[in-house]
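One structure is given below, encoded as structure tokens.
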Amino acid sequence: MASAELLEELNCSICLNIYSDPIILSCGHNFCRACIGSVLDSQERSGVYSCPECRAEYQQRPALQRNLKLCKIAEHFHSIHPEQDSGIVCTYCVYTPIPAVKTCLHCEASLCETHLRAHIKSDLHVLSEPTKCLEDKKCSIHKRFLEYYCSEDGACICVSCRLDGTHRGHQVETLCKASEEKKQKLTQLLVNLTSKREETGKRVQRLQEQRKEVQDKAAGVMKNMRALFKELRNELEFLEKRIMIEISWQSVQISLRVSHLISQLEVRKEELSKKMGHIEEMCSLTDPFTFLQRREDGDSEAASGDDSVSELGDLDEGQISATLHSGLTDILTGATMNSGISGQRFSNISHSRITGNEPVLRDLKISRRHF
């Protein structure tokens with residue numbers, strides 16, 4: 001147990017408590033870092049710094065160097081006597097200060113474990129936690145210690161308030177009994193709150209599990225949908241190629257027929273040019289006899305040139321639409337079978353989009369002018 005002399009050496013001369021993070025000045029005196037820091041801050045206005053203990057002056061603010069050895073001693077003392085931090089010691093331990101465990105309101109004295117055992121034998125003494133501020137536990141009117149609790153007004157009162165004061169005739173209990181009853185209520189409230197907290201925690205856990213299930217399910221559905229749309233894009237690209245090939249093939253066939261007809265017409269054009277030259281030559285003759293003796297085949301040949309041109313045909317949009325209709329039906333049927341969402345509804349929508357009142361070419365924003 002620490003002696004009074006040792007305890008005195010471990011006290012800061014500013015706060016009078018055990019050192020906290022002690023530092024040493026160049027003059028050799030030790031202080032708590034926070035305490036000497038506050039003193040130096042107040043001296044900074046005047047520009048003169050001095051040691052609070054020996055008044056040694058410094059030309060500039062002194063550096064705060066930590067006293068490592070004293071710091072270890074103070075920390076060791078704190079670990080052995082943590083209650084000593086309050087600075088409340090036993091009133092009756094004069095030679096060796098011992099930390100107080102209780103304060104007697106009747107005697108206005110703080111007691112250690114040893115003196116408390118003899119003190120509690122008397123019922124006149126009212127004990128409380130160690131405190132230096134005894135005035136806070138006294139009645140502001142009668143200046144007597146607060147020993148009772150008025151449950152009607154919810155106030156701590158003294159014996160004079162109970163017998164002759166404004167609380168006369170009220171339901172009054174001792175502080176200890178009122179405290180115990182309040183502790184019991186708070187304990188029951190704590191049990192109820194603990195139960196509610198546990199139930200709330202379970203609900204939170206269930207909601208978190210439900211959220212995870214939804215997230216996992218959504219991730220699976222998104223994965224399936226990505227695969228489905230990728231397949232749909234591939235099928236649509238393949239169908240597009242089929243349609244383009246069909247259109248190109250029809251266009252090539254029509255172009256071949258047109259080319260053949262152009263060749264025929266070029267030949268006929270040449271023949272007509274020759275016939276026109278023959279007629280012009282006949283018309284240039286001045287001798288009636290010679291003119292009438294010449295052949296008149298040009299007229300019959302010219303008449304034969306009025307034959308109508310056979311029909312070349314056009315793009316078969318019906319065939320193109322049929323190919324598109326068949327391809328889309330296969331794609332949507334496969335998507336209905338492979339999708340995991342509302343297959344019947346998907347099928348109905350697909351069917352209405354293909355077989356409904358709207359033509360499939362117009363539904364897909366494809367009009368005849370594109371051909």
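The values are calculated or read from the model by the stated rules, or taken from the named source; none is laboratory data. Because the structure is predicted, anything quoted here is derived from the model rather than measured. With ideal geometry, Cβ positions are generated from the backbone for all residues, glycine too; neighbour counts draw on all protein chains shown.
Brief remarks on what is shown
- From the list GLY165, GLY154, the one residue that fits, being surrounded by fewer than 10 Cβ atoms within 10 Å (Cβ to Cβ), closer than 30 Å to HIS106 by Cβ, free of Cβ contacts under 8 Å to residues at least 60 places away in the same chain and in the same structural domain as GLU129 (by TED's automatic domain parsing), is GLY154.
- Criterion violated by ILE320 - all others in (1) surrounded by 15 or more Cβ atoms within 10 Å (Cβ to Cβ); (2) modelled with pLDDT under 50 satisfied: (2)
- Contact annotation: residue pairs with Cβ atoms under 8 Å, 6 or more positions apart or on different chains, pairing a residue in the stretch 1-25 that is closer than 18 Å to GLU75 by Cβ and β-branched (Val, Ile, Thr) with a partner that is modelled with pLDDT under 80 and not in a loop (DSSP other than H, G, I, E, B), are ILE18/PHE77; ILE18/HIS78; ILE18/GLN84; ILE18/ASP85.
- The stretch 102-138 - residue that is among the hydrophobic types (A, V, I, L, M, F, W, C) and under 54 Å from the mean Cα position of the chain (by Cα) and, of those, modelled with the highest pLDDT: LEU127
- Residue ID - nearest to SER38 (Cα to Cα), chosen from residues in the stretch 51-72 that are of a type in the set (A, V, I, L, M, F, W, C) and more than 49 Å from the chain's Cα centre (by Cα): CYS51
- Only a single item in (1) part of a helix (DSSP H, G or I); (2) modelled with pLDDT of 80 or more is not met by ARG353, and it is number (2).
- Selection from the stretch 168-188 of residues that are crowded, with 16+ Cβ neighbours inside 10 Å and within 49 Å of the chain's Cα centre (by Cα): ALA178
- Top-ranked residue of the stretch 270-317 - restricted to ones that are of a type in the set (Lys, Arg) and modelled with pLDDT under 85, ranked as farthest from MET244 (Cα to Cα): ARG294
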